[in-house]
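Here the structure is laid out as structure tokens; the discussion comes afterwards.
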Amino acid sequence: MTCRYSGADWRDEIYNAVRQTPGGLKAAAAFLTERRGRSIHAETLRAKLRHIDGESISMEMAEMLTEWLQEMRRPDALGWIHAFNGRFGMAAETVDAPPPGGWPNEVTALCEKLLHLGVAGGKLTELGLKAAADGSIDEAEADAITEQAMAEIRLLFRLTRNAQRAAHAARKGA
């Protein structure tokens, strides 16, 4: 029997990411065994990830598997976190790393992001108004709006990081 997996179920998301990684459950079990210093068989891991017979994965194991998936450069490494958050009406987003050591001038970086947000906000407004002009929004229009909005959200997160780093630098200098 074929199992049906849901992109909205965090267990399905992490299970699919693990099983689709080269080496799959066996490699993940070997990683967990080495990392935790405690043996886990691939089938035991499968039962925990699939929530079979009351088995469940601990947050600690999910965290370690996420690190392993990231080491394996899996684009779906964080998918389970998004699904988990979505279950509770929350959202999480990945924020690009700052340059090592931060920007030479965090205030300048913040101002540049504010200018980019002004331009991006106009683009989002244009996308939204064009999409809504006929009184309905199709899949392609929804995807374009979502893509633009998420890009702005990531930029906002980066902007807040610049603000915090600038304030931290000011406290250190004062």
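FYI, it's all coordinate maths here, none of it is from the lab. Nothing here was measured: the structure is a model prediction, and the numbers come from that model. A quick note on method: Cβ atoms are made from the backbone with ideal geometry, for glycine too, and the neighbour counts reach across all protein chains shown.
Things worth noting here:
- C-alpha long axis of helix 106-132 to longest principal axis of the chain, angle in °: 80
- Per residue Cα convex hull volume in Å³ - calculated over the range 106-173: 59
- Candidate lysines for bridging to K172, where Cα separation is under 24 Å - those fewer than 8 sequence places away on the same chain excluded: K113
- Look at the Cα gyration tensor of the range 28-81: its axes a ≥ b ≥ c give a/c of at least 1.5 with a/b at or below b/c, and that counts as oblate.
- Mean residue ellipticity (222 nm) of the chain, computed from DSSP H runs ≥ 4 via -39,500 (n - 2.57), nearest 500: -22000 deg cm²/dmol
- Cα-based Rg and Dmax for the range 92-133, where Dmax is the largest Cα-Cα distance (Å): 14.6, 46
- Degrees between helix 24-36 axis and first principal axis of the chain (Cα, 0 to 90, nearest 10): 90
- The charge dipole of the chain, taken about the Cα centre with unit charges on the Cβ atoms of Lys, Arg (+1) and Asp, Glu (-1), comes to about 780 debye, rounded to the nearest 20.
- From the coordinates of this entry, Cα Rg over 2.2 N^0.38 Å is computed, and it appears in (1) 1.35; (2) 1.16; (3) 1.05 under the label (1).
- Of the trypsin sites (Lys or Arg not before Pro) found in the range 20-95, the ones in coil according to DSSP and having at most 15 other Cβ atoms within 10 Å of their Cβ are R38, R73.
- Whole-Å distance, taken between Cα centres, linking the range 102-174 and the range 51-78: 30
- Computed from Cα atoms, the angle from the helix 59-71 axis to the main principal axis of the chain rounds to 70 degrees.
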